Amino acid sequence: MASIIKTPSGTWKAIIRKRGFPTTIKTFRVKRDADDWARTTEDEMVRGLYIRRQSADRMTLAEALERYAAEVTPTKKHYTQLGERSHLAALTKFFGAYSMSAVTPELVAKFRDQRLADGKAANTVRLDLALLGHLYAVAMREWGVGLVYNPVRLIRKPTPGAARDRRLDAGEEARLFAAVAAHSNPMLKWIVELAIETGMRRSEITSLKLEHVDMERRIVRLLDTKNGEPRTVPLSRRATEVMQQAISHPVRPDDTRLIFFGEPGRDGQRRPWQYDRVWRQILAKEGFRDLHFHDLRHEAVSRLVEQGLSDQEVSAISGHKSMQMLKRYTHLRAEDLVAKLDQRNESNLFGRGELGIG
């Protein structure tokens, strides 16, 4: 039986001592609330449903997100860590003052709707919610935070956006190559050309080390990929030339094996070159509209298909684990398909002798 005690300050303290459970105490302003809480808590103990909620009541989302950033984010891939910064900031701004137990599905839905109303892409909001949901899962499983449920699992997620179909036309490609070639750091041009020639992701390119490249066999061995599975990428003639130029970079320092290296950090270690700001500046200066670096991967995959490689061959190069994901990355130009149809029809006519020649 719970004890309800009036404190000197005029509040009411409910104390539950039950065998097999830790002593549980909570203070209320009204005696009726103390009685209701004690009755409900004892009932949960009897039915095996009791969860200690004090930690969830005390920990704010700002504190939880800070701990997540310190303990969980560093275990993820480098590029994922960079991308999580904006999601962590958005979640902290909206939920920071709430305790973990105070976040309800209704509140999470309000956050979702507000982000969409602010013009954020559906995929961005889905990533916001994925991070918040993972935070709750980690807190419940590993931090011992007493929560009844994960509020993110009880709401609708925004519908995924349509696959991007941005392709470079001949004029844009020439302008882009000229712009990156004019930059003072030649690594930018090499990175862009390798993205279009190989379909490798930006993080896969910038994390390349000398030992990953076999120039004699014209292959690159990727050990750290987005889907966690190593793969081997063949190099076209042009990609081989570009890779040779990058490896032979005359200013390569002796203290790194990275092919695309940045300046030493405060700890003296060199990390992959972060060229995002330079890339954005060039796009703005040259007037490129709605062009993302990741679109170069789309361009590369589409070109591999246009060159006649099978889906299996393309997925082996690009690293897509399913044909469905591969199709999201493959965008064939209708005008190119028209030309192929014409070639096929002409071939059939010659084969049937219907041109009246000879």
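The values are calculated or read from the model by the stated rules, or taken from the named source; none is laboratory data. None of these values were measured; they are calculated from a predicted model. Quick reminder, even Gly has a Cβ in these numbers, built from the backbone with ideal geometry, and neighbours come from all protein chains shown. Ligands, DNA and RNA are stripped out before the accessible areas are found, and what is left, the full protein with its side chains, is counted by its heavy atoms. Shrake-Rupley method; radii C 1.70, N 1.55, O 1.52, S 1.80 Å.
At-a-glance table
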| read-out | value |
| --- | --- |
| The chain: relative contact order as a whole-number percent, Cα under 8 Å and 6+ apart | 12 |
| Contact order relative to length of segment 7-126, as percent, for alpha carbon pairs under 8 angstrom and 6 or more apart | 19 |
| Accessible-area composition of the chain, carbon plus sulfur, in percent [1.4 Å probe] | 51 |
| Simple spin-label estimate for GLU306 and GLN114 in nanometres, 7 Å along Cα-Cβ | 4.5 |
| Per-residue SASA entry for ILE247, accessible area with 1.4 Å probe, Å² rounded to 10 | 40 |
| Inter-site label distance for ARG271 and SER9 at 7 Å from Cα along Cβ, in nm | 4.4 |
| Gained length - THR225 relative to ASP33, 0.36 nm times residue gap less alpha-carbon distance | 63.7 nm |
| Label zone at HIS134, where the point sits 7 Å out along the Cα-to-Cβ direction: segment 84-100 residues whose backbone N lies under 13 Å | 84-88 |
| Options [x] 6, 26, 35, 25, 8, 0; [y] 5, 20, 27, 23, 16, 8, 1; [z] 4, 17, 22, 20, 14, 9, 8, 4, 1, 0, 0, 0 - which one matches P(r) over Cα pairs in 10 Å bins from 0, in percent as calculated here | [z] |
| At R0 = 30 Å, FRET efficiency that the Cβ-Cβ distance of GLU66 and VAL278 yields, to 0.05 | 0.45 |
| Inter-probe distance in nm under a simple model that places probes 7 Å from Cα toward Cβ, at SER248 and ARG289 | 4.1 |
| Additional length obtainable on full extension of the chain from ARG164 to ALA182, 0.36 nm per residue less Cα span | 3.7 nm |
| Chain lengthening between ALA121 and ARG19 when straightened (0.36 nm per residue, less Cα-Cα) | 31.5 nm |
| Per residue accessible area in Å² of segment 207-290, where ligands, DNA and RNA are left out and the probe is 1.4 Å | 65 |
| Between segment 143-221 and segment 11-25, the Cα center-to-center distance that results, in Å | 55 |
| Cα gyration tensor, segment 193-326 - rounded (a/c under 1.5), prolate or oblate | oblate |
| Residue-averaged [θ]222 nm for the chain, counting only DSSP H segments that reach four residues, each worth -39500 (n - 2.57) | -15500 deg cm²/dmol |
